[in-house]
């Protein structure tokens with residue numbers, strides 16, 4: 001998948017925060033294959049995405065630091081000398097952010113500030129790519145949602161992720177740091193968290209189908225969403241990292257929209273088996289649900305040449321294959 | 001100044017966070033005069049606005065808690081039973097927020113979350129009024145700036161104050177808390193912090209003139225700003241507290257704009273003496289200066305009937321009189 005980009009990373013030094021998570025580890029596999037010197041830092045916080053199994057096969061070719069970037073000395077030592085910093089650490093559960101807003105504040109605000117402060121003091125030349133989320137838009141006022149859509153978060157997570165984005169813009173303007181922001185939508189694929197619905201409902205669906213169990217769609221199944229296969233997301237991070245046109249910019253990622261029922265039907269078709277039922281929204285989820293969402297991602301297409309290359313059908317098929325083979329490491333992972 | 005509002009506060013219980021600061025103590029004086037039961041909480045954090053002298057004359061009629069609302073048990077005990085909560089605690093220095101963004105995060109994000117979480121768990125019926133700032137608009141894209149102006153903070157303080165506002169909106173939408181937000185511009189008057197330029201340049205100017213010393217205008221003195229005399233600001237808080245129309249709403253405060261040179265000349269005229277000189281911006285201030293700013297405050301006029309009643313000339317005269325008599329407690333206060 002790298003081809004044209006591999007040369008930009010050969011011999012380069014790259015730091016990935018949240019490096020044992022779904023996206024972080026996927027990025028690590030690709031960077032290692034491009035002969036980058038890769039450092040992963042992950043706090044392996046309980047109940048979050050970190051999973052040591054996710055770097056199986058490259059564990060001897062990456063440096064892994066289990067620690068917290070909020071530790072000032074650790075952050076300083078980690079950012080020093082890096083060419084690229086992929087800021088993927090964070091808490092991504094909308095629901096958890098409402099139950100425990102203070103932990104969300106620590107993971108999404110303080111941790112981002114810590115990395116940026118470390119860069120300001122120890123490495124102003126690294127290129128930073130920050131993983132943000134479509135959650136900051138709140139309930140869409142129009143569709144598809146472009147980057148100019150108002151930011152009206154409907155949960156604490158969206159407020160803190162917005163702050164995270166703005167820190168990056170600000171440190172660029174005031175201190176000259178080079179940072180790009182990607183607003184992710186539902187990203188899925190091998191190594192995604194499937195233990196529960198913290199990352200995306202698609203995780204629990206995939207697990208259920210791979211395990212031969214039924215799953216639930218909350219609501220009437222007519223909500224429309226868009227999806228990005230992990231390889232496509234990784235490619236977007238690499239493009240944003242290498243292109244100067246991305247400095248100081250914010251880009252939506254996205255893909256063709258589908259209704260939840262269409263996704264469910266496609267998943268069952270691809271799996272050759274499976275079943276689901278419609279169920280009412282749990283009330284605490286309903287208050288922060290955003291209804292239909294899909295992105296206008298024409299900006300990243302025009303500026304960086306990115307577009308999704310893997311169809312939902314193909315992506316679901318690859319992901320199912322992965323979990324049928326290796327799922328046990330993801331169901332039972334104690335992290 | 002209360003007249004029509006006094007009845008709403010007689011016997012009512014009111015909590016003021018940042019209660020020993022400029023605005024907090026001014027509000028306390030008025031609430032005490034309306035026979036409210038007033039509790040002040042203030043951390044008396046070094047280098048910030050808290051000053052025990054500011055409640056001289058009412059110290060026996062208010063309950064003062066020196067502590068930090070980030071302490072969960074303290075926050076719970078303080079909010080319980082209150083009818084009104086005035087959330088004025090916070091770090092307001094733009095410059096300090098860039099030097100130490102972590103402290104700004106604690107004081108402007110964590111502290112606000114702590115009060116709201118305490119209300120969610122222990123008192124959902126209190127009316128909350130939150131002090132925000134025009135700083136969140138960043139460099140104005142048009143003038144005067146109304147509440148629909150884009151929010152593009154140019155410093156860490158603006159990012160965190162935006163989060164503070166959004167928490168209030170969110171807790172209103174999700175948990176039914178009743179909260180109103182006031183976006184303050186340069187508020188001035190007796191009891192304001194004059195030790196340095198942390199709150200507003202006007203503080204150092206007033207101190208210089210009251211002490212017979214020269215002061216500096218940074219830049220060419222043609223920047224336009226607006227000003228709110230403290231009694232007018234207090235009245236806005238009381239209106240927002242008592243009017244249901246304010247629930248879930250955000251209001252600019254403001255006043256007639258003047259250039260900095262006009263303000264300087266007026267101050268010297270009112271004082272009968274004084275001098276200033278133009279000086280270049282310190283570079284670290286220049287990066288976060290926002291140029292001209294003045295608010296469109298027609299929304300608060302239409303919805304709550306608020307307008308500034310004290311002219312800049314009158315306000316400066318009253319403030320100078322205050323500092324000439326009591327200034328020593330504000331220059332030398334060790335807090």
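The values are calculated or read from the model by the stated rules, or taken from the named source; none is laboratory data. For clarity, every value in this text was computed on a predicted model and none was experimentally measured. Reconstructed Cβ throughout: ideal geometry from the backbone, glycine too, with neighbour counts over all protein chains shown.
With respect to residue B:315, is the statement that it is buried (at least 16 other Cβ atoms within 10 Å of the Cβ) and assigned to a helix (DSSP H, G or I) true?
yes
Just a yes or no: is a residue in the range A:50-71 in contact (Cβ under 8 Å) with a residue 60 or more places away in the chain and more than 25 Å from residue A:236 (Cβ to Cβ)?
Yes; the residues of the range A:50-71 include at least one that is in contact (Cβ under 8 Å) with a residue 60 or more places away in the chain and more than 25 Å from residue A:236 (Cβ to Cβ).
Tell me, which residue of the range A:169-194 that is assigned to a helix (DSSP H, G or I) and surrounded by 24 or more Cβ atoms within 10 Å (Cβ to Cβ) is farthest from the other protein chains (Cβ to nearest Cβ)? Steps first, answer last, please.
Applying the first criterion (assigned to a helix (DSSP H, G or I)) to the range A:169-194 yields A:169-175.
From what is left, the residues that are surrounded by 24 or more Cβ atoms within 10 Å (Cβ to Cβ) are A:170-171.
On the way: A:170: 7, A:171: 9 Å.
The residue in question is A:171.
Are any of the residues in the range A:282-301 part of a helix (DSSP H, G or I), closer than 30 Å to residue A:10 by Cα, touching a strand residue (DSSP E or B) at 6+ places or on another chain (Cβ under 8 Å) and away from chain B (no Cβ under 14 Å)?
Yes; the residues of the range A:282-301 include at least one that is part of a helix (DSSP H, G or I), closer than 30 Å to residue A:10 by Cα, touching a strand residue (DSSP E or B) at 6+ places or on another chain (Cβ under 8 Å) and away from chain B (no Cβ under 14 Å).
Could you figure out which of (1) in contact (Cβ under 8 Å) with a residue 24 or more places away in the chain; (2) within 14 Å of another protein chain (Cβ to nearest Cβ); (3) under 20 Å from the mean Cα position of the chain (by Cα); (4) closer than 25 Å to residue B:242 by Cα isn't true of residue B:166?
Every condition holds for residue B:166 apart from (1).
For the range A:56-160, give me every one of the strands (runs of 3 or more DSSP E) that falls completely inside it and has 2 or more residues that are surrounded by fewer than 16 Cβ atoms within 10 Å (Cβ to Cβ) and away from every other protein chain (no Cβ under 12 Å).
Working: elements: A:62-66, A:84-87, A:127-133.
Strands (runs of 3 or more DSSP E) meeting the threshold: A:62-66.
Quick one: count up the residues across the range B:79-92 that are touching a helix residue (DSSP H, G or I) at 6+ places or on another chain (Cβ under 7 Å) and at pLDDT 95 or above.
Residues meeting the conditions: 7.
Within the range B:201-219, work out how many residues are surrounded by 19 or more Cβ atoms within 10 Å (Cβ to Cβ) and free of Cβ contacts under 8 Å to residues at least 12 places away in the same chain.
The qualifying residues number 1.
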